[in-house]
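Shown next, in structure tokens, is the structure this report addresses.
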Amino acid sequence: MEPRVLSDKNQFPTEEVIFSHIGKSRSLWAQLFDYIYAEHPDFQKEWRYYNDGKSWLLKVTRKKKTVFWLSIYTGTFRIGVYFVERARKAILASALSDDLKEQFRKSDKAASIKGIIVTFKKKQDVEQAKILIGLKLAVK
């Protein structure tokens, strides 16, 4: 995986800047955010620069709950959705791809929070993100 871009603390990630990095993945970005605006208009987006990772990340929330984190890479973007262990049954019974279920299964057994990462390369990745968002909202 390429290193994250958006590492300049002084350059806020406008759409123009984002699209210059993600290139052809722009259509997947549009599909993801069209879905969010239509189905989850109460989601809030907040870009912040994080010194520990030396890059900008987008935090998407509903009320006080973080739904996912988004990071930008050259030619793509990805989201990370984090779950507590009690979500295991719902995740493994869901329509998520076997690869994403395996990410959850392989995560550190001792970790109290386990992440599932989707890197956007094809239309199916948007569908997987929709399933993850639904799971995140359903798990209490």
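Taking the condition assigned to a strand (DSSP E or B), within 30 Å of residue 12 (Cβ to Cβ) and touching a Leu at 6+ places or on another chain (Cβ under 8 Å), does residue 132 pass?
In short, no.
Does segment 3-24 hold any residues that are touching a residue at least 40 places away in the same chain (Cβ under 8 Å), in a helix (DSSP H, G or I) and of a type in the set (A, V, I, L, M), and which are they?
18, 22
Being surrounded by 18 or more Cβ atoms within 10 Å (Cβ to Cβ) and farther than 22 Å from residue 123 by Cα is true for just one of 57, 28. Which residue is that?
None of the other options fit; the residue is 57.
Looking at 106, 123, which is the one that is over 24 Å from residue 7 (Cβ atoms) and either in contact with a Gly (Cβ under 7 Å, 6 or more places away or on another chain) or at pLDDT below 95 (or both)?
Exactly one of 106, 123 is over 24 Å from residue 7 (Cβ atoms) and either in contact with a Gly (Cβ under 7 Å, 6 or more places away or on another chain) or at pLDDT below 95 (or both), namely 106.
Take segment 50-64 and flag every residue that is in contact with a Leu (Cβ under 8 Å, 6 or more places away or on another chain) and in contact (Cβ under 8 Å) with a residue 40 or more places away in the chain.
55, 56, 58, 62
Of all residues in segment 31-54 being outside any helix (DSSP H, G or I) and hydrophobic (A, V, I, L, M, F, W, C), which is surrounded by the fewest Cβ atoms within 10 Å (Cβ to Cβ)?
Here the residue is 47.
Residues 97, 71: which one is of a type in the set (Gly, Ala, Ser), surrounded by 13 or more Cβ atoms within 10 Å (Cβ to Cβ) and in contact with a Lys or Arg (Cβ under 9 Å, 6 or more places away or on another chain)?
Testing whether each residue is of a type in the set (Gly, Ala, Ser), surrounded by 13 or more Cβ atoms within 10 Å (Cβ to Cβ) and in contact with a Lys or Arg (Cβ under 9 Å, 6 or more places away or on another chain) leaves just 71.
Restricting segment 92-109 to residues that are assigned to a helix (DSSP H, G or I) and more than 16 Å from the chain's Cα centre (by Cα), which is farthest from residue 133 (Cα to Cα)?
106
Only one of these is over 23 Å from residue 21 (Cα atoms), of a type in the set (D, E, K, R), at pLDDT 95 or above and more than 16 Å from the chain's Cα centre (by Cα): 39, 85. Name it.
One residue alone meets the criteria, 39.
The values are calculated or read from the model by the stated rules, or taken from the named source; none is laboratory data. Bear in mind that the values here come from a model prediction, so they are computed numbers and not experimental data. Please note: Cβ atoms are built from the backbone with ideal geometry, for glycine as well, and neighbour counts cover all protein chains shown.
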